[in-house]
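The values are calculated or read from the model by the stated rules, or taken from the named source; none is laboratory data. Quick caveat, the model's predicted, so the values are computed rather than measured. Here the Cβ positions follow ideal geometry from the backbone for every residue, glycine too, while neighbour counts run over all protein chains shown.
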Amino acid sequence: MPTCRRKRVLLTQPSQVLLDALKNGSHKEVYYLNQTGEIFETYEAYAARMSFYRMKQFQCEVTGKSGLDYFQALESEQQEARTMHSRFPEPLKAAVLKAVQWQIMGRLDHLVEAVYERFKDRYYPDERVIIDVQGDKYFARIVQVFPPRPSLLLQSSIKSEAQASTSSSPLSDEEPSIHRAAEDMKVPVKEANARDDPAKYYYKVQILEEEKQPGAGKVSDRNKGKDKQSKYSRSLMDVQCPDMSRDRLAFSKSILRRFIRDCVDRDAAVASPWTVKPSIAMRYGVDSVMPDDIRKDIEVLKKGESDKRKKVWEEKEGPSKRQKKMTAAEEEKAKATSERKEREAREKEEKAQKAKEEAERLAAEKKKKKPVRYPTEDLDVVLGDRDKKNGMKVRRPTPSRYFMPFGTDHATNEAFLMVWNFMNVYGQPLHISSFTMDEFEGALRHSSQEPCALIAEIHSTLIYNLRTVPTTRYSLLVALTMLEEKVGPDDTVLGLPLSKLDESVCDIGNNWERAPLRSGETRDGWEESLIGCLKDHATFENFPRLREILTRLLWKPEHQVDATSSARPTPSSTPVPNEIYSVPSTPRVQYPLLPPADKLAILAFMCSLTVSSKSIHAHMESCEEQLTALRKEKIEVNRTKKQYLEEMSVIMGESKEGTPKTNGAEEDAAPQDSSDLSDVPGSDNETENGTPSGRPKLSRRKTQATERQLARARQANEKQKLAEHRRLDEEVNKLERRLEGIEREFRKLLGAIRVKPLGRDRFYNRIWWFDGMGSASLIGSGGSIQYGSGRIFIQGPSEFDIEVLERRESNVRARRLEEEGEDGMLGVGEWAVYDSIELMDEFVAWLNPKGVRELALKNTLTKWWPHIGPGIRRRTADLANVTKAPEARRSARTKHGSDLSREPYMTWTNRRAVNSS
């Protein structure tokens with residue numbers, strides 16, 4: 001039976017209601033669990049029980065395997081039981097079960113030991129054994145067992161009993177009983193062996209043929225074994241137990257333990273005997289009726305155990321329970337003694353409680369005094385007065401929600417960031433040049449009929465890639481037909497019936513997969529191809545706003561002014577509420593008038609489909625390979641840089657050791673050298689005989705010359721070391737510049753695989769910087785700083801992060817109000833932005849490096865600040881340069897078209913365009 005937490009799992013019994021229904025013969029629907037045979041009255045009970053069985057908390061009682069569900073544990077036990085029963089000797093089973101029936105032993109291990117000692121040297125007919133013949137072992141089968149011959153007196157008594165018997169078969173023809181003494185567990189082992197010695201048994205065995213005999217190892221041994229096998233095969237021998245043994249896989253203490261545990265059971269009551277399960281007892285002929293003598297012995301044992309436990313309980317309770325009759329003086333004395341003991345016990349308990357409270361107080365104080373190791377969890381870091389005096393900012397600068405591209409419309413902002421990042425990251429496989437976020441925003445807000453190259457190129461490259469993505473032909477028309485059957489043809493959206501929309505969609509964009517969208521022709525016809533692409537890829541399930549967008553693309557309201565009459569309609573292009581679209585139009589005319597949210601919905605849908613295209617997948621695999629190469633190169637560059645730095649340190653150490661301590665004494669001594677004229681005879685330093693008296697001076701001049709030569713050599717060596725140091729320093733600078741380039745390349749390639757935030761602050765707000773990823777570059781051709789977004793975006797915590805915050809901080813909202821402010825608290829999915837250097841400096845100063853998250857974020861911002869800061873400054877300068885002059889200074893005759901053409905998004909060109917047909 002499988003166990004759960006070391007307890008056997010008991011099956012659920014049918015309720016009393018079900019039993020009464022069965023007795024009354026009434027029909028009642030129940031829930032039946034086939035694997036266990038359990039019956040449940042309600043589905044909730046059935047489901048709860050099934051959930052309990054499916055939990056990975058059960059253990060196989062036979063093998064000890066844990067972490068299983070109930071059915072796996074049950075299957076494991078059944079499999080082990082089948083294996084065990086197939087291995088355990090069949091002739092031995094009945095004898096073992098008869099021996100263990102009605103045995104009273106506390107532990108199963110003791111029972112196994114007793115049974116093993118009784119049967120390890122006793123064998124039964126038809127049992128498969130291993131015999132030893134002249135040092136070789138063979139498998140054999142016991143044919144007949146010959147018990148030891150009884151004494152002459154016992155023989156005569158047996159013979160007289162046999163003659164007086166009325167049985168039809170004489171006793172001499174019956175097989176004598178064998179090993180009867182071993183089956184009686186009341187008799188000790190030594191006494192049983194003395195009565196019926198197993199060593200005196202003879203066994204007639206037959207060697208088995210064509211069996212792989214044990215003990216054959218080498219080739220020669222196997223050959224010998226074959227010869228002997230052919231010699232002894234099928235032969236009969238008489239052997240005794242010292243020459244016999246059983247296979248350890250068939251009979252051992254572990255196998256015997258499994259067999260007994262599988263076949264017997266025992267009640268939980270005191271002194272309960274081990275009993276063979278009824279079905280097994282019936283199969284092997286084991287008596288299931290307890291004999292009277294055994295029952296009496298069990299009752300005596302139970303009474304003895306009960307009396308023993310009662311005595312122990314009374315001793316614990318004290319003498320008051322035993323002394324029922326006491327005098328008044330004795331009762332008074334006992335009462336006083338009891339009160340005194342209670343008082344002493346109460347005082348002792350109070351002292352122990354006070355000591356415990358004091359110990360807890362000291363432990364708490366010690367814990368408070370224990371220094372905190374930084375960095376730690378950010379929410380555990382609280383600014384103190386000292387930190388505030390040192391200039392740590394308490395409140396984070398408020399990021400702007402209104403300076404987001406589309407204000408507080410967070411869903412549109414998220415789609416905008418996703419599409420812009422996708423187009424810039426995968427610019428190389430999409431064959432489109434990078435563009436800034438401001439240019440993309442301006443293109444989305446473009447509502448004039450003047451063609452916008454950026455919008456045309458984005459849609460065209462996505463359409464080209466979606467031609468390679470598998471699709472269902474005319475899936476949109478099928479969806480429209482099904483919707484028409486469901487809601488009726490007169491169902492309207494924006495005042496347009498569904499039947500009219502279905503008719504207008506059928507005739508547009510049917511050739512979108514073969515339509516040439518050439519770059520030299522300004523991608524003419526991309527609007528119709530867009531409708532065809534949506535017809536084959538979009539449905540109302542994967543694009544919920546499709547019907548409304550198609551209505552605005554193919555129809556227009558009656559009051560709408562013709563687009564040709566005005567070069568630039570209302571800049572907002574926001575639809576009027578309750579508009580009725582009833583006039584047919586074309587996608588080329590209507591697309592510029594779509595709200596930016598609808599344009600982004602189309603682009604986001606197309607980008608999500610383009611991810612599965614072959615070109616994007618191939619590009620991602622290429623980025624993975626390049627990332628692996630960059631990692632290897634970075635390791636090599638760091639190793640070379642470390643080697644150069646070690647060489648530089650060695651050179652500097654040698655230079656310090658070899659620096660002369662004379663401070664230029666050798667160079668100062670050089671001018672003191674006299675000319676060769678000083679050696680002319682007749683000078684003052686000569687003697688009368690003409691012998692020079694200045695030999696010491698000549699020796700000194702030679703020493704000075706040698707020292708000058710050594711000084712020149714040392715100086716030359718120092719110059720050489722200095723030159724080598726400069727060369728190594730230049731190499732180290734080159735390697736550092738290469739490491740910076742590797743970091744930029746790593747960011748570009750990693751951004752094509754997965755976009756990750758720079759980090760998170762203490763309240764799990766995610767900080768995003770989208771520049772320098774994919775096809776976009778941070779460094780221009782002339783080394784100038786380039787930017788894509790030129791801003792730092794902040795995204796509010798997720799729902800999971802909010803739960804973590806509430807678990808970690810009990811009053812997290814109050815702390816967020818204090819450190820973020822009411823306007824700075826971002827909800828789930830909300831976006832805000834820092835678009836100035838001043839705000840970013842304040843934000844970086846607000847980050848506390850004592851927290852793990854903010855320390856990592858601050859390090860990352862410091863690492864990329866040489867690119868973040870200049871990008872923000874350049875964007876600010878570009879916005880200032882394109883700021884239009886006030887309306888008062890404009891001439892009334894100036895055409896808006898000329899001003900529109902000077903917008904940055906209108907001057908963008910696609911240098912990666914491929915003219916495909």
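Listed here are the residues, each with its yes/no results for (1) under 25 Å from residue 611 (Cβ atoms); (2) in a loop (DSSP other than H, G, I, E, B); (3) modelled with pLDDT of 90 or more.
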site: 478; (1), (2), (3): yes, no, yes
site: 505; (1), (2), (3): no, no, yes
site: 509; (1), (2), (3): yes, yes, no
site: 542; (1), (2), (3): yes, yes, yes
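Modelled with pLDDT of 80 or more and surrounded by 11 or more Cβ atoms within 10 Å (Cβ to Cβ), is that true of residue 221? Criteria not met by residue 221.
Return a yes/no flag: does the range 760-780 have any residue that is among the basic types (Lys, Arg), farther than 17 Å from residue 865 by Cα, modelled with pLDDT under 90 and out of contact with any Cys (no Cβ under 6 Å at 6 or more places or on another chain). No. Any idea which of 827, 796, 821, 790 is surrounded by fewer than 13 Cβ atoms within 10 Å (Cβ to Cβ) and in the same structural domain as residue 765 (by TED's automatic domain parsing)? Result: 827 is the single residue among 827, 796, 821, 790 that is surrounded by fewer than 13 Cβ atoms within 10 Å (Cβ to Cβ) and in the same structural domain as residue 765 (by TED's automatic domain parsing). Out of 632, 614, one residue alone is under 32 Å from the mean Cα position of the chain (by Cα) and loosely packed, with under 11 Cβ neighbours inside 10 Å. It is 632.
Looking across the range 44-62 at every residue that is in a loop (DSSP other than H, G, I, E, B) and not acidic (Asp, Glu), the one that is nearest to residue 8 (Cα to Cα) is identified as 60. Of all residues in the range 798-818, those that are over 14 Å from residue 828 (Cα atoms), outside any helix (DSSP H, G or I) and either touching a strand residue (DSSP E or B) at 6+ places or on another chain (Cβ under 7 Å) or in contact (Cβ under 8 Å) with a residue 12 or more places away in the chain (or both) total 1. Screening residue 401 on (1) out of contact with any His (no Cβ under 6 Å at 6 or more places or on another chain); (2) crowded, with 20+ Cβ neighbours inside 10 Å shows it passes everything except condition (2).
Per the listing 787, 834, the residue uniquely under 18 Å from residue 399 (Cα atoms) and of a type in the set (Ser, Thr, Tyr) is 834. Residue 757 satisfies every condition listed in (1) assigned to a helix (DSSP H, G or I); (2) in contact (Cβ under 8 Å) with a residue 12 or more places away in the chain except (1). Close contacts from the range 606-629, counting a first residue that is closer than 30 Å to residue 539 by Cβ and a second that is among the aromatic types (Phe, Trp, Tyr) and assigned to a helix (DSSP H, G or I), with Cβ to Cβ under 7 Å and a gap of 6+ residues or different chains, come to 607/422. Applying the criterion of being over 20 Å from residue 552 (Cβ atoms) and assigned to a helix (DSSP H, G or I) to the residues of the range 480-501, the residue that is nearest to the chain's Cα centre (by Cα) is 482. Residues in the range 92-110 that are in contact (Cβ under 8 Å) with a residue 24 or more places away in the chain and either outside the structural domain of residue 284 (by TED's automatic domain parsing) or not in a helix (DSSP H, G or I) (or both): 101, 102, 103, 104, 105.
Without any contact (Cβ under 8 Å) to a residue 12 or more places away in the chain, loosely packed, with under 13 Cβ neighbours inside 10 Å, part of a loop (DSSP other than H, G, I, E, B) and not aliphatic (A, V, I, L, M), is that true of residue 726?
Numbers: without any contact (Cβ under 8 Å) to a residue 12 or more places away in the chain: yes; loosely packed, with under 13 Cβ neighbours inside 10 Å: yes; part of a loop (DSSP other than H, G, I, E, B): no; not aliphatic (A, V, I, L, M): yes.
For residue 726, the condition - without any contact (Cβ under 8 Å) to a residue 12 or more places away in the chain, loosely packed, with under 13 Cβ neighbours inside 10 Å, part of a loop (DSSP other than H, G, I, E, B) and not aliphatic (A, V, I, L, M) - is not met.
Evaluate the range 500-513: report whether one residue or more is of a type in the set (A, V, I, L, M), in contact with a strand residue (DSSP E or B) (Cβ under 9 Å, 6 or more places away or on another chain) and in contact (Cβ under 8 Å) with a residue 12 or more places away in the chain. Looking for residues that are of a type in the set (A, V, I, L, M), in contact with a strand residue (DSSP E or B) (Cβ under 9 Å, 6 or more places away or on another chain) and in contact (Cβ under 8 Å) with a residue 12 or more places away in the chain, one finds at least one in the range 500-513, hence yes.
Considering only residues of the range 544-569 that are within 23 Å of residue 901 (Cβ to Cβ) and either part of a loop (DSSP other than H, G, I, E, B) or not hydroxyl-bearing (Ser, Thr, Tyr) (or both), which is modelled with the highest pLDDT? First the steps, then the outcome.
Applying the first criterion (within 23 Å of residue 901 (Cβ to Cβ)) to the range 544-569 yields 561-569.
Narrowing the set further to residues that are either part of a loop (DSSP other than H, G, I, E, B) or not hydroxyl-bearing (Ser, Thr, Tyr) (or both) leaves 561-563, 566-569.
Details: 561: 53, 562: 50, 563: 42, 566: 41, 567: 40, 568: 42, 569: 42.
Checked the range 544-569; the qualifying residue modelled with the highest pLDDT is 561.
Out of the range 111-132, which residues are buried (at least 16 other Cβ atoms within 10 Å of the Cβ) and in a strand (DSSP E or B)? The answer is 128, 129, 130, 131. Considering the range 1-59, the residues that are more than 30 Å from residue 266 (Cβ to Cβ) and among the aromatic types (Phe, Trp, Tyr) include one that is surrounded by the most Cβ atoms within 10 Å (Cβ to Cβ), namely 46.
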